[in-house]
């Protein structure tokens, strides 16, 4: 069977690798670099930059560990150069895997001209039995009357590609992208202000988690303007809807994405989209044309790279005759601000809205031996369970929260009970012990807190 995949991001290239692994004849068409937004202009480059800024933060607190650092220099160009090297290394790795698996990789722009044919810019027609659309999403070009010009008003793509730290910056949006950039720029020495239209930062997270992060951001000197929007751009800042002036050499738009479908041919083929332009799929990831699938951001279901990858795996399985579905109740989220946030499943507020009387277990990192040992004890683990005591949500803010998220993600997926988490021996001293301790607290049997 011949499969054409349009888009080489984390959904497209993963489905290509799995399809070839299972004996399909796969052609992957990507107009840019493989890895998509996540690898080239999103997840990976931001983490490379944040890795640098974290080291700066560690230098500034080194005295707490008895280490005197009298002088240091931030070489911004080298910080960004390392970021580029990280990205290039991973892109080469993906290309190597595709080559090894005998995936035909075409670097060109694709347009569907039928449900089995894709045309390239050079006039070549690629034919297949099945098409997978994995073209992802793009940042919006502005908000309302505020347009991105990448001079005064910049996009996240521009910020990631430009080795420059402004004296002061206004970040519009306090979601994951906004607070990550705020962490980076503040650690690099910029004065940072965040404008957010919602009443709290990271508004999709549990309310308690938001409050802890808000305190931390303010403590770092980051100014927060919540319940507010930008009305006007001035020569040296912005004017908010409430009339307040906020100084900023640059204004970074950190909200809003749109599906990347322009020129793809979906209108010609009659592929259905929703009111926002995202491609509609059924539970098996098929569009209204059965042999055309869509995965990842272009569907608008869940704009995470790891979701796109798993959708790609499921699409390949279903192309081969299975009827697999993805469990969207156990999708982990990781935000690399400082402290980090890792979460999965329902928040306490969402559980109550569904009529669930949630059981809550909390454990602060300030009571955990390893967290105190490494000097990173801000935050907590919060577990949300239903009345049968099955875990339905977990919310972590604290040291390396993203890296200890796997256990609770599996627990939510498999409906593990609090007592099962509590009865699992956790190595000491480690950060995941906080999950066990929060489980004890949820059972009204707290050990290391009162």
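Every read-out reported here was derived from the displayed coordinates using simple, explicitly stated rules and does not represent laboratory data. Keep in mind it's a predicted model, so treat the numbers as computed, not measured. Note that each Cβ is placed from the backbone with ideal geometry, even for glycine, and that neighbours are counted across all protein chains shown.
For the pair residue 129 and residue 73, label points projected 7 Å from Cα toward Cβ lie 6.2 nm apart. Springs between Cα atoms under 10 Å define the GNM used for the chain, and in it the highest mean-square fluctuation of 179, 87, 76 occurs at 76. As a rough guide to protection, the peptides 161-174, 378-391 ranked by mean Cβ packing within 10 Å, highest first, stand as 378-391, 161-174. Highest average first, the peptides 100-113, 18-31 ordered by how many other beta carbon atoms sit within 10 Å of their residues are 18-31, 100-113. Within region 347-385, whose backbone N sits under 16 Å from a point 7 Å along Cα→Cβ of residue 407? 361-372, 380-384, by backbone N distance to the label point. Computed over region 142-255, relative contact order equals 36 percent, with contacts defined as Cα pairs under 8 Å that lie 6+ residues apart.
Here r is the Cβ-Cβ distance between residue 32 and residue 444 and R0 is 60 Å; the resulting FRET efficiency, rounded to 0.05, is 0.65. Taking Cα atoms only, the orientation of helix 12-21 departs from the longest principal axis of the chain by about 60 degrees. I need the shape label for region 330-442. Rule: rounded when a/c is under 1.5, else prolate if a/b > b/c, else oblate, with a, b, c from the alpha carbon gyration tensor. Cα axes put region 330-442 in the prolate bin. Stretching the chain fully between residue 427 and residue 150 yields a gain of 94.9 nm (0.36 nm per residue, less the alpha carbon separation).
In terms of its C-alpha gyration tensor, region 319-380 comes out oblate, because a/c is 1.5 or above while a/b does not outweigh b/c. Here region 233-271 is scanned for amide nitrogen atoms under 19 Å from the site 7 Å beyond the Cα of residue 162 along Cα-to-Cβ, giving 233-239, 246-256.
Can you tell me how the chain classifies by the Cα gyration tensor, rounded, prolate or oblate, using a/c under 1.5 as the rounded cut? It comes out oblate by the Cα gyration axes.
Taking every alpha-carbon pair under 8 Å whose residues sit at least 6 apart, the chain reaches a relative contact order of 14 percent.
Reported to the nearest whole Å, the Cα centre-to-centre distance from region 47-86 to region 189-261 is 25. Spin-label model, residue 198 to residue 111: label points 7 Å out along the Cα-to-beta-carbon direction sit 3.9 nm apart.
Relative to the longest principal axis of the chain, what angle (0 to 90°, nearest 10) does the C-alpha long axis of helix 176-187 take? Helix 176-187 sits roughly 50 degrees off the main axis of the chain.
The long axis of helix 207-219 is offset from the longest Cα principal axis of the chain by roughly 70 degrees. Mean separation of Cα pairs under 8 Å and 6 or more residues apart, divided by the residue count, gives region 330-442 a relative contact order of 31 percent. Going from the residue with the fewest nearby Cβ atoms within 10 Å to the one with the most, 137, 373, 51 rank 373, 51, 137. Placing a pseudo-label 7 Å from each Cα along the Cα-to-Cβ vector at residue 85 and residue 232 gives an inter-label distance of 4.7 nm. Region 339-364 to region 87-162: how many Å between their Cα centroids? Distance between centres, Cα-based: 36 Å.
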